[in-house]
1. Regarding segment 337-357, can at least one residue be identified that is polar (S, T, N, Q) and more than 16 Å from ligand 2 (Cβ to nearest atom)?
2. For segment 294-306: of the residues being surrounded by 24 or more Cβ atoms within 10 Å (Cβ to Cβ) and either away from ligand 1 (no atom under 16 Å from the Cβ) or on the phi > 0 side of the Ramachandran plot (or both), which is nearest to the chain's Cα centre (by Cα)?
3. If I go through segment 551-580 residue by residue, how many of them are surrounded by fewer than 24 Cβ atoms within 10 Å (Cβ to Cβ), touching a Lys or Arg at 6+ places or on another chain (Cβ under 9 Å) and not hydrophobic (A, V, I, L, M, F, W, C)?
4. Answer yes or no: is there a residue in segment 483-493 that is among the charged types (D, E, K, R) and farther than 28 Å from Gly390 by Cα.
5. Filter segment 368-407 down to residues that are surrounded by 24 or more Cβ atoms within 10 Å (Cβ to Cβ) and over 22 Å from the mean Cα position of the chain (by Cα) and give me whichever is farthest from ligand 1 (Cβ to nearest atom).
6. Just to be sure before I move on: is Thr220 under 30 Å from Ser529 (Cβ atoms) and of a type in the set (Ser, Thr, Tyr) in the structure I sent?
7. The conditions are (1) assigned to a helix (DSSP H, G or I); (2) in contact with an Asp or Glu (Cβ under 7 Å, 6 or more places away or on another chain); (3) away from ligand 1 (no atom under 15 Å from the Cβ), and Thr40 fails exactly one of them. Which is it?
8. Do any residues in segment 481-506 that are closer than 20 Å to Gly134 by Cα have Cβ atoms under 6 Å from those of residues that are in a helix (DSSP H, G or I) and away from ligand 2 (no atom under 16 Å from the Cβ), where the two are at least six apart or on different chains, and which pairs are they?
Amino acid sequence: MGLTLTEKILSAHIVDGEMIKGKEIGIRIDQTLTQDATGTMAYLEFEAMGVPRVKTERSVAYIDHNTLQSGFENADDHRFIGSVCKKHGIYFSRPGNGICHQVHLERFGIPGKTLIGSDSHTPTGGGIGMIAIGAGGMDVAVAMGGGAYYITCPKVVKVELSGKLSPWVSAKDVILEVLKRLSVKGGVGKVIEYCGAGVKTLSVPERATITNMGAELGATTSIFPSDETTREFLKAQGREQDYTPLCADDDAVYDELVEINLSELVPLAACPHSPDNVKSVKEIGNLKIDQVCIGSCTNSSLLDMLKVAHILKGKTVHPDVSLSIAPGSKQVLNMLAKNGALSIMIEAGARILESACGPCIGMGQSPNSKGISLRTFNRNFEGRSGTKDGQIYLVSPEMAAASALTGVLTDPRDLGEMPEFKLPEFFDVNDNMIVPPIEADKMDTVEVLRGPNIKPFPVSEPLAQTIDAQCSLKVGDNITTDHIMPAGAKILPLRSNIPEISKHCFAVCDENFYKRALDMGKSVIVGGSNYGQGSSREHAALAPLYLGVKAVITKSFARIHMANLVNAGILPLTFKNEADYERIDQNDELKIENVIEQIKAGDEITVKNVTKNYEFTTVLSVSDRQKDMLYAGGLLNYTKETGK
Ligand code: MIC
Ligand code: SF4
């Protein structure tokens, strides 16, 4: 029986467990990446492990999220990360060099390698044939120290692409179509593998747009084969030696099949407030817009920017619209500057932003009240833009640029004939903003520079015999980590300071949560299905840990967040019978007796609702290794105890 590409790469990296779907496997990690908003914690954790030099083939730290320096905090964090990198063998991509996923694809991604990153959009690397997975900072720290990364051996979904995209229909429309069909929960426990004759019609940056936004499916990752197109891309980046051809066997067996005829796709938009709320322009109808933002790790490649420049050429942005553009990397920005495309954008009235995440994470450019904003990004969760009642639509760069000119949501096919947009034969390669680490024998000469905002992470205690705590919060379905631990320009600078950032925990859902949880001392959170979708930020587990949350009981969890809860030593339980969700109210007293014995006895854990006097059953779906982590009070304690 033949193998899928996913199975080939995973089995070449497996170091623990067996390739049995649904079972936990440990894989060797070749490369890691971090960004600054999750990076400070990851490096504090790495330091706590006491490993002098990273053991990966390549580890890179990027500064791209917290680039708005309206106080000392972010600059201090950049300096801290830069000095840790220099000392411990990590490459440091300086602020201004670009968004982690864009730069990693350009400069470091290698087909067939494994990559984990402390950012949920790490699957961007799947565009170049990597198994690239988003993870919590602690998992990345462990991988940097040479430890395995554990995932549930995934099912593999085949997305068979046929045909060719019509003019002005974009790679973004491909992933929006997949989201429309599979939903934000549809990818959980699965890798999405793209195959078929349509693959060769898509360039590497287009493939990367698709794998990037596969994160929104809840998938473990997404991957494209590595073919001639991949070779050409690597060659144009001066890295042809990194090329290996890779694809699934002809007789590979998949768990599910999705067929997409690229020729039949039309321009789509994800409407507020979920990336799977996808409609065609026609279905949305007349929509007057206030803002357009072009950029983010999904759509900020040179190809995207060249299309935008072509559409804006000789025109002026509509008087009622603010257009901002953030090219994804220094390489992209510099090439736009050299070939005149940047001048076209400036001429048209675009507000050019630095090469960073910017508006995507609410770092500036929040829309006006009730503002309608078209963005080429990947997430449109409520409040993420920084404007609580902002209405965010996720669209392709083509649709964004066309609409910026008309002031209304515009089908880019109205633009008429489309010229052929080609990647250059050679990209402008200059890695002068990537600082290599110091030689191992000189590492003692490097001082790690810590600012006053950097506070140690909260200590978790070994699992108690009995959990007796009130429910401090009850929330509904599809709660995102942006709800649990919001981002934005005001809160992001607190990422290295858990006591301070915890004050904002769940503020989007309930402003009184922080105080209530502190007053309760210890508590339990109750949630609906797909709890913790979205960002990989482990702060969404560390802040609840700091606030005394001992367990989270939900209908189901998103993958990265569930792992982060276990890493923090918080019990992630699911209702055996979903109807029990309805019976619990906020403030109810919940009691789990003999927790450790119950966990040792099997997967079912009995919880008593003391207030309402009934018992219900929950399920703890974790591996034996994760159970040991929970007994120890989280991954750091476990690693210290076991040396693993
Ligand atoms: C995001 O897109 O939500 C982020 C900001 O990149 C996060 C990481 C973070 O919260 O720092 C992610 O996707 O993991
Ligand atoms: Fe940055 Fe946005 Fe990409 Fe997250 S999704 S890495 S915030 S550009």
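1. Looking through segment 337-357, at least one residue is polar (S, T, N, Q) and more than 16 Å from ligand 2 (Cβ to nearest atom).
2. Initially, segment 294-306 is screened for residues surrounded by 24 or more Cβ atoms within 10 Å (Cβ to Cβ), giving 294-302, 304-305.
Next, from what is left, pick out any that are either away from ligand 1 (no atom under 16 Å from the Cβ) or on the phi > 0 side of the Ramachandran plot (or both): 294-296, 301-302, 304-305.
Values: Ile294: 18, Gly295: 16, Ser296: 12, Ser301: 18, Leu302: 21, Asp304: 20, Met305: 22 Å.
Among them, the one singled out is Ser296.
3. 3
4. Looking through segment 483-493, none of the residues is among the charged types (D, E, K, R) and farther than 28 Å from Gly390 by Cα.
5. If we take residues in segment 368-407 being surrounded by 24 or more Cβ atoms within 10 Å (Cβ to Cβ) and over 22 Å from the mean Cα position of the chain (by Cα), then Ala402 is farthest from ligand 1 (Cβ to nearest atom).
6. On the way: under 30 Å from Ser529 (Cβ atoms): yes; of a type in the set (Ser, Thr, Tyr): yes.
Spelling it out, Thr220 is indeed under 30 Å from Ser529 (Cβ atoms) and of a type in the set (Ser, Thr, Tyr).
7. Failed condition: (3).
8. Met485/Ala543; Pro486/His504
Read the figures in this text as sums done on the coordinates, not as results from a lab. Just so we're clear, the structure is a prediction, and the values are computed from it rather than from any experiment. Glycine also receives a Cβ, built like all others from the backbone with ideal geometry; neighbour counts cover every protein chain displayed.
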